[in-house]
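For reference, the structure discussed in these notes is given below.
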Amino acid sequence: MPNYPKKELAKLVIASCIVNEIEHIVISPGSRNAPLIIGFNESEKCKTLSVVDERSAAFFALGIAQQTRKTVALVCTSGSALLNYYPAIAEAFYSNIPLVVISADRPAHLIDVGDGQTIRQENVFENHILFSANLGGGNDRELIEKALQTAIDKKGPVHINVPFEDPLYEKIAAEIIDDEVVKLKSEIVLPEEKSLLNETPLEVDALQKFADIWNASSKKMVLVGEHFPDELLQTQLEHLAKDPSVLVLIENTANVSHPKFINSIDKLIFPFAEDELSAFKPDILLTLGGMIVSKKIKEQLRNHKPKHHWHADAKRAYDTFHCLEHHFKVSPQLFFSQFFFLTKPKESNYQQFWLHKKEVRLQKHREFISNCAFSDLKVFSKILPSIPNNSQLQLGNSSIIRYAQLFDINKSLRVFCNRGTSGIDGCTSTAIGAAFAVKENTLFITGDISFFYDSNALWNSYIPNNFRIILINNGGGGIFRFIPGPQQSGALDYFETPHHLTAEYLCKMYHFEYCTAKDEAELQLQLSRFYEDSNLPKVLEIFTPRLENDHMLKAYFNNLKV
């Protein structure tokens, strides 16, 4: 017979998670959270995972939720441990990823009286949380259920704060959690899984007004941001591309592809002359998906605003280009399934003109890459074609995601990046969580500052052997040499963070295979065997010339203008 915690609140939280089918529970060690640890560990319905560093644990959980598309719970002790979850909470908030933070706390009479490991935990995430449940006030069951259903239904982070009095380790041998589960199942109604079938369609008469504007416009741009792979959306966008008045712009994290899509936005628009900027301006901008990486397209559409900007998303719409006119509050898939019945193609050379420009840019790209010296740019041209089919590709932030946008990526790859807040602080941990959640090979490409910043990510017992990291070490924050401001500041070292660190000893400590490349020949040799099966995960550290990378990238973009 299992030994469950004696604490009533712990039993209620655990039973509620089981009823709501929250399977993965990521726990960071502590004492105040002992009742929760004991209960979750005893339950056969829960997969408990122990990750020591709370910041890494939260991003690890985020990676699991990103891939499974199911809610993952986090459990921590009281005090500053909870604050370390905040970066991942913010990322989940802006990336629509469901996380349940369950924090142990001291009861109210022990707050701000000098008790150890104690802070004001109630509503601590209030600016980036969908719901906060502070238990111990008498309506605990309702608060817990509201929190869990909010995370599941609205796809985002929630916080359940659970105060526990001493003693913390008392247990009882009983089926009490199972009894509580049965009781809760009889009392609550679980939300239905989201699908097109249970979304509320748009009103056809209202939609017709937008279709009339669409049908009359000869310059329509569809911009797709970060999106989970979806076959229906892929098919719908392919249908859109049959209309010569529609230009589809995508980023690698959109996880859609087609020869008629513009997939390297900066490569297309960076060399624009003023007359081209005006010609590129659409009558209608329709946006889908999450965050956009390209600063150039943001600048372009803010300075040359479309007549109409519409966004289709069931949850939220950002006024990224400062001209949002309408938010269709349904999934893009449902939107298109209704909209296509009301629209018709429009004769136009808008799409063909810019697809021709795309081909011109691509030719210049190929010529430059084939002749450029060993650099970050050259490294990406070698890495991306080497990735095995059907792999999961996780990209680090800063220069890594931006370099990747300049290249075609194998359409069988599934591409992800923490673009909710675009931080470097948990990219490795997220990639490991995502690798844990899937069977496919996972490659994580990262820069050196991001990798060393999140090195505790490797302190994790759940890293699969088919996980691979390519670490591009350019000696510290090379993106700040490309941005003009830092170089003119007189304080470049404080932006760029130069260093002489390598991953070699971290790999020895955390049991990763380790190899290096310092030139193109070594890189080709290492890549030829990097993805082979192994009994350990692997790191390939590529050293590139710190003082030459920015010159090479500037030359690349200048070459596109010629």
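We did not get these values from a lab; they are worked out from the coordinates using the rules stated. Remember, predicted model here, so these are calculated numbers, not experimental data. Note that we place each Cβ from the backbone using ideal geometry, even for glycine, and neighbour counts take in every protein chain shown.
Round to a whole angstrom and tell me the spacing of the C-alpha centers of segment 378-456 and segment 294-313.
One Cα centre to the other: 26 Å.
Assuming a ≥ b ≥ c are the square roots of the Cα gyration tensor eigenvalues, decide whether the chain counts as rounded (a/c under 1.5), prolate (otherwise, with a/b larger than b/c) or oblate.
Verdict is oblate for the chain.
Between Q352 and V204, what FRET efficiency comes out of the Förster formula 1/(1 + (r/R0)^6) with R0 = 45 Å and r the beta carbon distance, rounded to 0.05?
About 0.90, to the nearest 0.05.
Full extension from E44 to S370: what is 0.36 nm times the residue separation minus their Cα-Cα distance, to one decimal in nm?
111.8 nm
Nearest 500 deg cm²/dmol is fine: what mean residue ellipticity at 222 nm does the chain get from its DSSP H runs of n ≥ 4 alone, each adding -39,500 (n - 2.57), divided by its residue count?
Estimated from H runs of four or more residues: -12000 deg cm²/dmol.
Grab the alpha carbons of segment 3-187, take their convex hull, and tell me the volume per residue in Å³.
Cα convex hull per residue, to the nearest whole number: 101 Å³.
For segment 296-345, divide the Cα radius of gyration by the Kirkwood radius and give the resulting Rg/Rh value with two decimals.
We get a ratio of 1.03 for segment 296-345.
Note down the relative contact order for segment 202-347 as a percent, whole number, built from C-alpha pairs under 8 angstrom at least six residues apart.
28 percent
How large is the charge dipole for the chain, taken about the Cα centre, if only the Cβ atoms of Lys, Arg (+1) and Asp, Glu (-1) carry charge, to the nearest 20 debye?
1700 debye
Return the distance in nm (one decimal) between the two label points of a simple spin-label model at N139 and H109, each offset 7 Å from Cα along Cα→Cβ.
2.4 nm
Give, in nm to one decimal, the length gained when the segment between L525 and H326 is fully stretched (0.36 nm per residue of separation minus the Cα-Cα distance).
66.4 nm
Just to compare against my own numbers: the Cα pair-distance distribution for segment 202-347, 10 Å bins, whole % per bin, please.
Binned Cα distances yield the sequence 11, 46, 37, 6, 0.
What ranking do T430, T150, T446 get, fewest neighbouring Cβ atoms within 10 angstrom at the top?
If I rank by nearby Cβ atoms, fewest first, I get T150, T446, T430.
Take A216 and D319, extend 7 Å from each Cα along the Cα→Cβ direction, and tell me the distance between the two endpoints in nm.
According to this spin-label approximation, the distance is 2.5 nm.
Report, in degrees rounded to the nearest 10, the 0 to 90 angle that the Cα long axis of helix 140-154 makes with the longest principal axis of the chain.
Its long axis makes an angle of about 20 degrees.
Does segment 386-460 classify as rounded, prolate or oblate by the C-alpha gyration tensor (a ≥ b ≥ c root eigenvalues; a/c under 1.5 gives rounded; else a/b over b/c gives prolate, otherwise oblate)?
oblate
Taking the Cβ of each residue in F407, F341, F467 as the centre, tally the other Cβ atoms inside 10 Å and list the residues starting with the fewest. Could the numbers behind the result be given before it?
Numbers: F407 18, F341 11, F467 24.
Least to most surrounded, the residues fall as F341, F407, F467.
Fewest Cβ neighbours within 10 Å first, please rank V222, V360, V438 accordingly.
V360, V438, V222
Which is farthest toward the positive dipole end of the chain among H356, L249, W459, measuring Cα position about the Cα centre, with Cβ charges +1 (Lys, Arg) and -1 (Asp, Glu)?
The one lying farthest along the dipole's positive direction is H356.
When the gyration tensor of segment 372-561 is built from Cα positions, what are the square roots of 5 times its three eigenvalues, in whole Å, from largest to smallest?
Taking √(5λ) for each Cα gyration eigenvalue gives 26, 19, 16 Å.
State, to one decimal in nm, how far the label point of K561 lies from the label point of H239, with both points 7 Å from Cα in the Cβ direction.
4.3 nm
Would you list, by chain and number, the aspartates and glutamates whose Cα falls below 19 Å from the Cα of K346, excluding same-chain residues fewer than 8 positions away?
Within reach: D212, E238, D243, D283.
Explain nothing, just the number: relative contact order of segment 372-561, from Cα pairs under 8 Å at least 6 residues apart, as a whole percent.
Relative contact order for segment 372-561 comes out at 24 percent.
Pairs K220/K295; K209/K305; K47/K411: which exceed 30 Å Cα-Cα? All intermediate terms of the calculation are to be shown ahead of the outcome.
Values: K220/K295 20 Å; K209/K305 21 Å; K47/K411 33 Å.
In this structure, K47/K411 lie more than 30 Å apart at Cα.
Let me know the shape class of segment 204-278, please: from the alpha-carbon gyration tensor, a ≥ b ≥ c as square roots of the eigenvalues, rounded when a/c is under 1.5, otherwise prolate if a/b is greater than b/c, or oblate. Display every interim value, and only then the final one.
On the way: a/c = 2.20, a/b = 1.14, b/c = 1.93.
In terms of gyration-tensor shape, oblate.
Compute the relative contact order of the chain as a whole-number percentage, counting only Cα pairs closer than 8 Å that sit 6 or more residues apart in sequence.
13 percent
Could you name the lysines whose alpha carbon sits less than 19 Å from that of K538, not counting residues in the same chain fewer than 8 places away?
List returned: K382, K439, K508, K518.
Compute the semi-axes of the equivalent ellipsoid of segment 323-382, taking the square root of 5 times each eigenvalue of the Cα gyration tensor, and list them largest first in whole Å.
Details: eigenvalues 300, 69, 23 Å².
Ellipsoid semi-axes (Å, largest first): 39, 19, 11.
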